[in-house]
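The values are calculated or read from the model by the stated rules, or taken from the named source; none is laboratory data. Computed from a predicted structure; not experimentally measured. With ideal geometry, Cβ positions are generated from the backbone for all residues, glycine too; neighbour counts draw on all protein chains shown. Quick note on the areas: whole protein, heavy atoms, side chains included, nothing else; ligands and nucleic acids left out. Shrake-Rupley method; radii C 1.70, N 1.55, O 1.52, S 1.80 Å.
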Amino acid sequence: MAKTRPGKRDIDSYTIRGTNKIVRAGDCVLMRPSDTSKPPYVARVEKIDQDGRSNVKVRVRWYYRPEESIGGRRQFHGAKELFLSDHYDVQSAHTIEGKCVVHSFKNYTKLENVGAEDYYCRFEYKAATGAFAPDRVAVYCECEMPYNPDSLMVQCEGCKDWYHPACVGMTIEEAKKLDNFVCSECSSDDDVKKPELTFPVSPASDDKLQAEPKRRKRGP
């Protein structure tokens, strides 16, 4: 006689083994990889269920690190950047090591302190094809690269574009000492007003990150 498969039921939460941290659907978690030399996987919990033997499983949607994607890691990818993939899976809840927070790109750039459990996501990723959404983002500087929140940038007081110090012949130390900056294209414009002690260092603090960039768009 065939054995009856124990019934499953949805449960609201799961307490991570050895901790008092509670995981619920919608939370982002760190999951233990089979290769312990690799960093933990990051996933979003979609559903939690338990069978008649008290085995707890989680249905997750994986985040990919840039180096795990078909195109690989590129210069503008931040150290804490993740892509929300269309890859779903079911895993034992016992493989959950901890919780983390995956911020929107805009919210991440506003963090005063970035902790070990802070990540950000600005792209969705199709694992089978390597396609991204959105497939175009604002680019900055003479190098026409998307913004990397790990990199210092300076804003021109004239055109309001953002530049990497190295791309305009400055060191990071020199850039940090600036009171203001005017790019070479605007430096001959006598109408450029140079306010004192003004030094925005992140394009994410400027509306330009959300608006259509001047003349330039580029895929990830």
Can you send over the solvent-accessible area of residue 132, 1.4 Å probe, protein chains only, in Å² to the nearest 10?
40
Hey, what's the stretch 66-133 come to in accessible area per residue, 1.4 Å probe, Å²?
52
Kindly report the accessible area of the stretch 134-173 per residue (heavy atoms of protein chains, probe 1.4 Å, no ligands, DNA or RNA), in Å².
41
Please report the antiparallel percentage of DSSP beta bridges with both residues in the stretch 55-166, rounded to the nearest 5.
55
Mind grabbing the accessible area of residue 54 for me, 1.4 Å probe, Å², rounded to tens?
80
For residue 114, what is the net charge nearby, where nearby means another residue's Cβ is under 15 Å from its Cβ and Lys, Arg count +1, Asp, Glu -1?
-2
Compute the relative contact order of the stretch 53-132 as a whole-number percentage, counting only Cα pairs closer than 8 Å that sit 6 or more residues apart in sequence.
35
By its C-alpha gyration tensor, with a ≥ b ≥ c as the square roots of the eigenvalues, how is the stretch 139-179 shaped: rounded for a/c under 1.5, else prolate for a/b larger than b/c, else oblate?
oblate
Longer than 25 Å from Cα to Cα, which of 80/110; 57/106; 80/177; 80/176; 21/57 are they? Say none if no pair is.
57/106; 80/177
Residue-wise, which Karplus ³J(HN,Hα) couplings in Hz belong to the stretch 168-176, taking 6.51 cos²θ - 1.76 cosθ + 1.60, θ = phi - 60°, and x for glycine or proline?
10, x, 10, 8, 4, 4, 5, 5, 5
Using alpha-carbon positions, the gyration tensor of the stretch 45-111 gives root eigenvalues a ≥ b ≥ c; with a/c under 1.5 called rounded, otherwise prolate if a/b exceeds b/c, else oblate, the class is prolate
Could you work out the local net charge near residue 26, counting Lys and Arg as +1, Asp and Glu as -1, over the other residues with Cβ closer than 13 Å to its Cβ?
+3
Checking the a/c ratio against 1.5 first, then a/b against b/c, what shape does the Cα gyration tensor give for the stretch 99-141?
oblate
Over the stretch 1-134, calculate the relative contact order: mean separation of alpha carbon pairs under 8 Å at least 6 apart, over the residue count, as a percent.
23
